[in-house]
Amino acid sequence: MIPDDKVRDREFGSLLAIPDNHSKKVVTMDPVIGGTYKGIEHIHLENFLLRIVGKTTN
(Lines give C-alpha, C1' and ligand atoms only; values in the text may rest on other atoms or scores of the structure.)
Protein backbone atom coordinates (compact mmCIF):
# COMPACT_ATOMS: atom_id res chain seq x y z
CA MET A 1 0.00 0.00 0.00
CA ILE A 2 1.07 3.58 -0.56
CA PRO A 3 -0.64 5.32 2.38
CA ASP A 4 1.52 8.44 2.65
CA ASP A 5 4.25 10.58 1.08
CA LYS A 6 7.07 8.69 2.82
CA VAL A 7 6.03 5.36 1.28
CA ARG A 8 5.41 6.96 -2.12
CA ASP A 9 8.88 8.53 -2.08
CA ARG A 10 10.40 5.16 -1.18
CA GLU A 11 8.56 3.30 -3.95
CA PHE A 12 8.95 5.87 -6.73
CA GLY A 13 12.15 7.66 -5.67
CA SER A 14 14.70 5.21 -7.02
CA LEU A 15 12.95 5.08 -10.39
CA LEU A 16 12.86 8.88 -10.56
CA ALA A 17 16.65 8.91 -10.10
CA ILE A 18 17.23 6.88 -13.29
CA PRO A 19 18.04 9.33 -16.12
CA ASP A 20 16.62 7.51 -19.14
CA ASN A 21 13.50 7.49 -21.26
CA HIS A 22 12.42 3.91 -20.66
CA SER A 23 8.93 3.40 -19.28
CA LYS A 24 8.82 2.73 -15.57
CA LYS A 25 6.15 0.98 -13.52
CA VAL A 26 5.49 0.43 -9.84
CA VAL A 27 3.44 -2.76 -9.42
CA THR A 28 1.53 -3.06 -6.13
CA MET A 29 -1.40 -4.85 -4.57
CA ASP A 30 -3.12 -1.47 -4.06
CA PRO A 31 -6.61 -1.46 -5.58
CA VAL A 32 -5.73 1.38 -7.95
CA ILE A 33 -7.63 2.05 -11.13
CA GLY A 34 -4.47 3.37 -12.72
CA GLY A 35 -2.48 6.50 -12.62
CA THR A 36 0.96 7.95 -12.76
CA TYR A 37 3.31 9.81 -10.47
CA LYS A 38 5.82 12.05 -12.24
CA GLY A 39 5.61 9.84 -15.33
CA ILE A 40 5.89 6.50 -13.52
CA GLU A 41 2.88 4.25 -13.98
CA HIS A 42 1.27 2.79 -10.85
CA ILE A 43 -0.44 -0.48 -11.71
CA HIS A 44 -2.19 -3.24 -9.79
CA LEU A 45 -0.44 -6.64 -9.86
CA GLU A 46 -3.38 -8.43 -11.48
CA ASN A 47 -3.59 -5.91 -14.32
CA PHE A 48 0.16 -6.13 -14.84
CA LEU A 49 0.04 -9.93 -15.11
CA LEU A 50 -2.95 -9.83 -17.44
CA ARG A 51 -1.04 -7.48 -19.75
CA ILE A 52 1.83 -9.98 -19.89
CA VAL A 53 -0.43 -12.81 -21.03
CA GLY A 54 -2.30 -10.53 -23.43
CA LYS A 55 -5.70 -10.68 -21.72
CA THR A 56 -6.18 -6.89 -21.62
CA THR A 57 -4.89 -3.76 -23.26
CA ASN A 58 -5.25 -1.48 -20.18
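The values are calculated or read from the model by the stated rules, or taken from the named source; none is laboratory data. Since the model is a prediction, treat every value here as computed from it, not as a measurement. With ideal geometry, Cβ positions are generated from the backbone for all residues, glycine too; neighbour counts draw on all protein chains shown. The area values use the complete protein model at the heavy-atom level, side chains included, leaving out ligands, DNA and RNA. Shrake-Rupley method; radii C 1.70, N 1.55, O 1.52, S 1.80 Å.
Residue pairs whose Cβ atoms lie under 7 Å apart, separated by 6 or more positions or on different chains, with the first residue in segment 1-27 and open to solvent by 100 Å² or more (accessible area, probe 1.4 Å) and the second at pLDDT below 90 and acidic (Asp, Glu), are Met1/Asp30.
Residues that are open to solvent by less than 60 Å² (accessible area, probe 1.4 Å) and either assigned to a strand (DSSP E or B) or in contact with a Phe, Trp or Tyr (Cβ under 9 Å, 6 or more places away or on another chain) (or both) within segment 28-48 comprise Thr28, Tyr37, Ile40, Glu41, His42, Ile43, His44, listed in sequence order.
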